[in-house]
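Here the structure is laid out as structure tokens; the discussion comes afterwards.
Read-outs: derived from the displayed coordinates by stated rules, not from any lab. All figures in this text were calculated on a predicted structure; none of them were measured in a lab. Note that we place each Cβ from the backbone using ideal geometry, even for glycine, and neighbour counts take in every protein chain shown.
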Amino acid sequence: MLGPNGVGKTTLLKTIMGFIKPCSGSVLLDNKDLSGLPRKYTARHIGYVPQVTCHSFSFSIEEVVIMGRLPHLNAFSQPGNKDMLIVEDVLKKLNIEHMRKRFFSNLSGGEQQIVMIARALVQEPRLLIMDEPTSNLDFGNQIRILKIIKQLSQNGISILFTTHFPDQAFLCDAKVILFYKNTRPDIGDAANILSPVNLKRAYGIDIDIITKKNADGSITKTCVPLFGV
Amino acid sequence: MFKHRQQSLAFLIFFSILLCSFLGSFLIGSYDLSLKDLLHILWRKISGLPNNWNEAAETVIFEVRMPRIFAAMGIGAALSIAGTSYQSMFRNPMVSPDLLGASAGAGFGAALGFLFNFDMPEIQIMAFIMGMAAVLTTYLICSFINPHRESTVALILTGIIVSTLFQAFISIIKYTADPDSRLPDIIFWLMGGLANVTYSDLHFFLIMFCLGSVPLFMMRWRLNALMFGTEEALSLGVNAASLQMIVIICATILTASSVAIAGIIGWIGLIIPHLTRLIVGADNKTVLISSCLLGASFLLLADDAARSLISSEIPISIITSIIGAPFFILMLYNFKGRLL
């Protein structure tokens with residue numbers, strides 16, 4: 001999901017997650033209205049990766065990640081061996097098993113973001129919703145998170161995320177929803193939707209799209225803002 | 001399950017501390033009692049053997065010191081559980097169990113009881129009911145001004161307002177109370193103390209303690225979800241609103257019943273959960289049980305000090321604050337790396 005600040009990207013995500021009620025219309029999961037489904041049920045299908053905020057309690061990474069098992073357990077039970085194995089598996093997949101004992105609050109922003117993704121994956125969802133997963137991250141970490149996103153989607157998980165960088169849509173070879181201030185959003189493949197004209201409508205600045213041929217013959221597209229003089 | 005051994009070790013240490021304070025507390029007081037006699041008499045009581053060689057010692061143990069010791073442990077545990085749950089729910093380590101007005105309300109109920117010259121059991125019931133009523137007031141006002149409850153800040157602010165209001169009511173009662181008879185009673189009661197706790201108070205308290213603490217214990221792991229905020233809790237499949245409601249009801253039962261039998265005892269509900277977290281980490285699976293054990297030991301020792309330091313009784317809130325403040329500073333200093 002791309003679009004200018006204040007256009008309602010996060011609001012839409014929150015509506016899909018059921019944090020806020022839609023003004024009109026409804027959100028459907030398997031053709032059932034989400035507002036009528038129990039939270040536990042939706043949490044087994046939809047994982048949510050929030051923007052990283054600071055926490056004033058010192059949880060270890062394991063303790064944070066295992067909370068993703070909440071939707072699979074009843075109100076009075078506690079995680080058991082089976083849940084731990086799932087955690088183990090996800091930590092390995094994301095390459096963070098070596099820092100499982102470290103405190104979440106002591107991690108860098110990029111590491112915290114990966115832990116949040118791990119927690120959502122432990123829910124074993126079909127759909128992952130991420131609110132600006134690369135904001136507040138340095139350039140290297142942005143690309144690292146993007147690689148994880150691409151890998152997960154190749155493994156069959158649908159991912160919906162918001163971002164401020166159109167380049168990320170090209171890198172992930174993703175479908176795009178491009179929001180405009182006053183008109184309906186455009187939906188389609190990045191290659192079709194992200195044209196200089198549409199980007200100007202969305203962001204109000206002149207943007208050129210450059211195509212670069214890589215050594216292995218693949219093509220990378222990137223947006224270049226025209227700065228003028 | 002993770003660090004299973006560490007967790008068991010922590011429980012074992014906390015339990016040993018509690019057991020030592022429990023036995024030690026019987027030995028403190030003007031009647032001299034040796035540990036050997038104490039264990040002997042306790043053993044005879046438990047095993048049902050007759051004991052007639054030292055009636056005085058038996059009276060001191062079972063009639064004088066026992067109810068007080070159990071009250072101190074129970075109230076210490078109750079306030080710590082309530083504080084731990086509130087700090088998790090409000091995502092704020094600076095929150096204490098009286099946040100939503102339970103203590104101020106109960107204090108008002110008791111002061112009203114003293115003003116009208118009620119008997120002690122009636123005063124306790126008044127205190128308990130007014131404590132519950134104050135929190136209900138907070139809750140209703142909050143759902144009126146902030147029906148969707150996006151954050152808990154509105155609840156905290158409303159709690160502060162309601163607390164202040166009930167404090168003012170207490171002041172009105174103090175102002176109008178007879179300064180020779182009623183006023184000292186009210187003031188001493190508000191400062192907290194366990195000197196007059198009886199077995200029948202304990203029965204009432206035990207029921208309330210179970211009502212309030214069992215649900216929290218059973219859902220202690222789930223409380224962790226609230227520490228990440230309402231939205232994240234929802235996304236993890238936790239019905240945040242109803243869990244918050246359960247926490248408020250349970251914590252209020254615990255706090256109001258504590259205040260009802262022992263007056264207002266500050267600090268425990270704030271520092272014990274905090275201290276526990278510094279030692280065992282933030283996971284409520286461990287924290288809730290640990291804080292319960294540590295809180296019981298802490299109030300027991302504080303009460304020992306209250307009744308033995310000088311010849312007359314010291315109000316227990318003074319002790320908890322005087323021990324609590326430097327102790328807390330020391331803890332913060334030792335664990336500064338893991339703070340906030």
Obtain the radius of gyration and the Kirkwood radius of segment B:201-264 from its C-alpha atoms and give Rg over Rh.
1.09
How big is the equivalent ellipsoid of segment B:77-338 along its three axes, where each semi-axis is √(5λ) from the Cα gyration tensor, reported in whole Å from largest to smallest?
30, 23, 16
Ordered by packing density, taken as the mean number of other Cβ atoms within 10 Å over each peptide's residues, highest first, how do A:188-198, A:218-228 rank?
A:188-198, A:218-228
Cα-based Debye curve of segment B:158-205 sampled at q = 0.13, 0.18 Å⁻¹ gives log₁₀ I(q)/I(0) of -0.46, -0.75
Anchor B:Lys45: lysines whose Cα lies under 23 Å away (excluding residues fewer than 8 positions away in-chain)
B:Lys36
Would you mind computing Rg(Cα) / (2.2 N^0.38 Å) for segment B:238-340, counting N as its residues?
1.21
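Can you give the Rg to Rh ratio for segment B:1-60, taking only C-alpha atoms and Rh from Kirkwood?
1.19
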Kirkwood Rh in Å, taken over segment B:83-161 so that all alpha-carbon pairs contribute:
13.3
Could you list B:Glu63, A:Glu124, A:Glu132 in order of exposure, starting from the residue whose Cβ has the fewest other Cβ atoms within 10 Å?
B:Glu63, A:Glu124, A:Glu132
Apply 1/(1 + (r/R0)^6) to the Cβ-Cβ distance of B:Met218 and B:Ile310, taking R0 = 56 Å, and write down the FRET efficiency to the nearest 0.05.
0.85
Compute log10 of I(q)/I(0) for chain A with the Debye formula, placing one identical point scatterer on every Cα and leaving out solvent, at q = 0.11, 0.12, 0.17 Å⁻¹, to two decimals.
-0.63, -0.74, -1.32
Separation of segment A:75-130 and segment A:159-197 by C-alpha centroid, Å?
29
Which parts of segment B:112-154 would a label at A:Lys21 reach, counting a residue when its backbone N lies under 15 Å from a point 7 Å out along Cα-to-Cβ?
B:146-150
Volume per residue that the Cα convex hull of segment A:2-72 spans, once the total is divided by residue count, Å³
136
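Taking other Cβ within 10 Å of each residue's Cβ, how do A:Thr53, B:Thr158 sort, fewest first? Don't skip to the end; give the middle numbers.
Values: A:Thr53 10, B:Thr158 22.
Going from sparsest to densest Cβ surroundings: A:Thr53, B:Thr158.
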Taking N as the number of residues in segment B:1-105, what value does Rg over Cα atoms divided by 2.2 N^0.38 Å take?
1.46
Which cross-chain or sequence-distant (5 or more) residues have an amide H under 5 Å from the amide H of A:Ser60, H modelled 1.01 Å from N in plane?
A:Phe104, B:Ala282
Using the Kirkwood radius over Cα pairs of segment B:149-256, the Stokes-Einstein translational diffusion coefficient at 10 °C and 1.306 mPa s, in µm²/s and rounded to a whole number, is 93
In cubic angstrom, how much convex hull volume per residue do the alpha carbon atoms of the protein assembly as shown span?
201
Cα centroid of segment B:234-304 to Cα centroid of segment B:129-166, whole Å
19
What's the average, rounded to a whole number, of partner chain beta-carbon atoms within 10 Å of each residue's beta-carbon in B:274-287?
3
Using Cβ counts within 10 Å as a stand-in for footprinting exposure, how do B:His4, B:His274 rank, fewest first?
B:His4, B:His274
Is there a simple number for the mean count of other chain Cβ atoms within 10 Å of the Cβ of residues in B:218-228, and what is it?
5
Distance between modelled label sites at B:Ile161 and A:Arg201, nm, 7 Å Cα→Cβ extension
4.7
